[in-house]
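Read through the structure below, which is laid out as structure tokens, and then see the notes.
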Amino acid sequence: MNPVKSTLKFPALIKFPSSDTKNGVLTMFEYGKKIGQVPFPVKRTLVIRGMKASDRRGGHTHHKTSQILVCLSGSCTVRLDDGSRKTSVKLNRPDLGLWLAPYVWHTMSGFSDDCVLLVLADSTYNEKDYIREYGEFKKCLKK
Ligand code: TYD
């Protein structure tokens, strides 16, 4: 059974703290177990940009990797599916993170021209950690 199901809200959103300084806004993504912190030590950071409105990204999930997805600029929609629940989230602010836990199938679409996504991951890149077939994802949930 998916161990994440019982422990995380769906969708699991994290509002990161910001400091509105005189010369700009500073948002903090700090590791820690408190509310508003990155819940895992970050081993990999990705920035995704240049998507067209018709593009789709993701369409997969992971066996072990947890990720936090933040829309630093612009907006997009993320569809989530944990095998029993489906929902979608619009990301359009740089202080809101969406926690993509293992075995949460995720697909990003509806990108604005200026969309820039930040991904914080708890693992280094490993293609073997990906589940790219939806049928395989459903099989894994039954195990
Ligand atoms: P891809 O799996 O299509 O990215 P996404 O997870 O957003 O669907 O990866 C595109 C290419 O980039 C592919 O050749 C693998 C490589 N890649 C890395 O080298 N490191 C990474 O952390 C990621 C996510 C991809």
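Read-outs: derived from the displayed coordinates by stated rules, not from any lab. Being a predicted model, the structure only gives us computed values, none of them experimental. As a convention, Cβ positions derive from the backbone with ideal geometry for all residues, glycine included, and neighbour counts pool all protein chains shown.
Below is a table of values for the structure above.
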{"read-out": "Cross-link pairs beyond the 19 Å C-alpha cut-off, checked among Lys34/Lys86; Lys64/Lys142; Lys15/Lys64", "value": "Lys34/Lys86; Lys15/Lys64"}
{"read-out": "Within-14-Å neighbourhood charge of Leu46 [Cβ basis; K, R +1; D, E -1]", "value": "+3"}
{"read-out": "Local net charge near Ile35, Cβ-Cβ under 14 Å (Lys/Arg +1, Asp/Glu -1)", "value": "+2"}
{"read-out": "Estimated [θ] at 222 nm from DSSP helical runs (n ≥ 4, -39500 (n - 2.57)) normalised by residues in the chain, nearest 500", "value": "-2000 deg cm²/dmol"}
{"read-out": "Proximal aspartates and glutamates to Lys128, defined as alpha-carbon separation beneath 18 angstrom and excluding residues fewer than eight positions away on the same chain", "value": "Glu136"}
{"read-out": "Modelled label reach - Tyr31, point 7 Å along Cα→Cβ, region 106-127 residues with backbone N closer than 20 Å", "value": "118-126"}
{"read-out": "FRET efficiency, His63 to Thr87 (Cβ-Cβ, R0 25 Å, nearest 0.05)", "value": "0.70"}
{"read-out": "Sequence-distant aspartates and glutamates (8 or more away, or on other chains) whose Cα lies within less than 19 Å of Lys90", "value": "Asp55, Asp81, Asp82, Asp113, Asp114"}
{"read-out": "Zone of Ser123's modelled label, taken as backbone nitrogen in region 53-94 under 12 Å from a point 7 Å along Cα→Cβ", "value": "61-67"}
{"read-out": "Sparse-neighbour loop sites [GluC sites (Glu not before Pro); region 72-143; at most 12 other C-beta within 10 Å; DSSP]", "value": "Glu133"}
{"read-out": "Sites Lys143 and Thr77, calculated FRET efficiency, Cβ-Cβ separation with R0 41 Å, nearest 0.05", "value": "0.85"}
